[in-house]
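To keep things clear, I will list the structure first and then write my remarks on it.
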Amino acid sequence: MCSKSARRIVLSCMILAAPLTLGARSPVARRASPVDSVALFEDRVAAYVALHNQCVRRLRGDDADRDSSGGPTFRQTLADSIRLARQGARPGDILCPAVAPRILQLVRADLAARERLEQEAILAEVPQVPVRVNDCYPAGAPLATTPPRLLLRLPPLAPELQYRFLGRTLILLDVDAGLIVDLLQDALPRHP
Amino acid sequence: MPRASLRNFVFVATVLAGASASAYGPRAASADATTLVRFAVIGDSGTGLKGQYEVAAAMEATRSRLPFELVLMLGDNLYGGWSRKAAVERFERPYKALLDAGVQFYASLGNHDDAEERSYGPFHMSGERYYAFTRGNVDFFALDSNYMDRSQLGWLEQKLQGSRARWKVAFFHHPLYSSAGRHGSETDLRRVLEPLLIQYGVQVVLSGHDHVYERLTPQHGVTYFVCGSSGQLRRGNLGKGSGLTAIGFDQDQTFIVIEATAEILQFQALSRTNAVVDSGRINWSARVSTVIGSGERGAAQRPGVSLPVPP
């Protein structure tokens, strides 16, 4: 269910959200060099963060409840706002085709370089749940640790976003909203 | 009795006798009150189960004798996701006596914690995943070991570089060293974090995740504790062959009380029955963590009994 404040900001956020969808699967993106692809990815991230911040500013302006003391939480309202603003969001809007193969390669190479026991320990902690863009992170499910050395290799993200694993999928998680904003399927091997 | 043994005995005796002042000999006795910091440590506490409440009661009883002013939370503070109800049942109610007495809790995030906890006032996280604060001679560094990214590592290095405190204590959820069978050592995290801890002279690291108590033999001058049994116990989970364990205890739930003066950091791990399962000290002047421990794996001592101290 969406709050009134969330509905009011949909229009303005839709404008900010436009860069996240326009050109996501464009020929330019497919031809991008590694450097360009990272720059493109950074642009997508920046556009998402602008949307995120716009929603945050509007909600704070509406005196949304930031405290975790009860009632409709700030996070839920923020998630509603972003979800509405990105109603048409699809996998690859941020983790665009220009950068997705590189990220997948980094994840798979990192895992492959680890000893079997370490691989199993990483995979064992990942919650096995279905994943869709614009879903909230499953309530009560643990957050699997994203291996720190892998994090150092992946393209940096803004503080609002994190790389996480759910099932075999790499997701971009909006930390403040608890929202899955993009995903890369089959990033991880099947857990034995 | 050797001086070191005597000090250890005095500390244990102080707890058991109900003394509230520091009792580490003339040096500590003459220290200004502001140089004494006493804090408790709990890990994986937020189950809402009977055991959590019993540990909380034991903490309250200990505090009447050894009045700690802070509690560090090592993550998994609220299992099952964030809700007002969860906060009440798994935090506010079990620790009501401590909260009412003005004890302040400082939380770090575990893998079962919801990011919403960052904004929960009683956890003192100020909306941040990681943060630092100072009490007396101690700088505390609360880290988010779930997501140790570049920005957090950069922040930590900057904070450690600027730290002028006698004692540097880091706390976070995933243990860099652990002999428990369930999770064990987080070697990937260790590779990125340990060099900073060593380089900048962090003396004590506190973690949870494994639901046991363990004090590791000092690693590169850092004393590591695992205290993940404050909410539930994984009985018998400590491995015997890691070669890392100084003292381990996996037969009851535990919490730790630590007292830091300018020269000495004393610690005790206690069970639900307030039995001392480990105690010892780290001497700052030695520049190297010289830990004298006591207790035996799986065998808590009865209250009122002083613990054997290794020579």
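Annotations
- Heavy-atom accessible surface that B and A bury in contact, both chains counted, 1.4 Å, Å² to 100: 2400 Å²
- Qualifying lysines (Cα of each under 28 Å from Cα of B:LYS159; at least 8 residues distant if same chain): B:LYS168
- Projected label distance in nm at B:ARG182 and B:HIS220, using a 7 Å step from Cα toward the beta-carbon: 2.7 nm
- Ligands, DNA and RNA are left out, and with a 1.4 angstrom probe the accessible area of the range A:100-184 is 38 Å² per residue.
- Subtracting the Cα-Cα distance of A:ARG190 and A:ASP36 from their residue separation scaled by 0.36 nm leaves 52.3 nm.
- Accessible surface of A:ASP176, taken over heavy atoms with a 1.4 Å probe and every protein chain present, rounds to 50 Å².
- Calculated Rg and Dmax of the range B:117-202 using C-alpha coordinates, Å: 13.3, 37
- Estimated FRET transfer efficiency when R0 is 25 angstrom, pair B:SER64-B:GLU128 (beta carbons, to 0.05): 0.15
- Split the accessible area of the range B:39-112 by element, probe 1.4 Å, and carbon with sulfur accounts for 50%.
- A:ARG57/B:LYS240 FRET efficiency (R0 41 Å; Cβ-Cβ; nearest 0.05): 0.15
- Fraction of the pair-distance distribution of the range B:102-261 above 23 Å, Cα-Cα pairs, percent: 36 percent
- Over the range A:60-192, equivalent-ellipsoid semi-axes from the Cα gyration tensor in Å: 28, 17, 13
- Here A:GLU118 and B:ARG93 are evaluated by their C-beta separation; at R0 = 51 Å the FRET efficiency comes out at 0.85.
- Solvent-accessible area of B:SER207 with every protein chain in place, 1.4 Å probe, in Å² to the nearest 10: 0 Å²
The values are calculated or read from the model by the stated rules, or taken from the named source; none is laboratory data. Not measured: the values here are computed from a predicted model. Glycine gets a Cβ as well: all are built from the backbone with ideal geometry, and neighbour counts include every protein chain shown. The accessibility values were calculated without ligands, DNA or RNA, using every heavy atom of the protein model including side chains. Shrake-Rupley method; radii C 1.70, N 1.55, O 1.52, S 1.80 Å.
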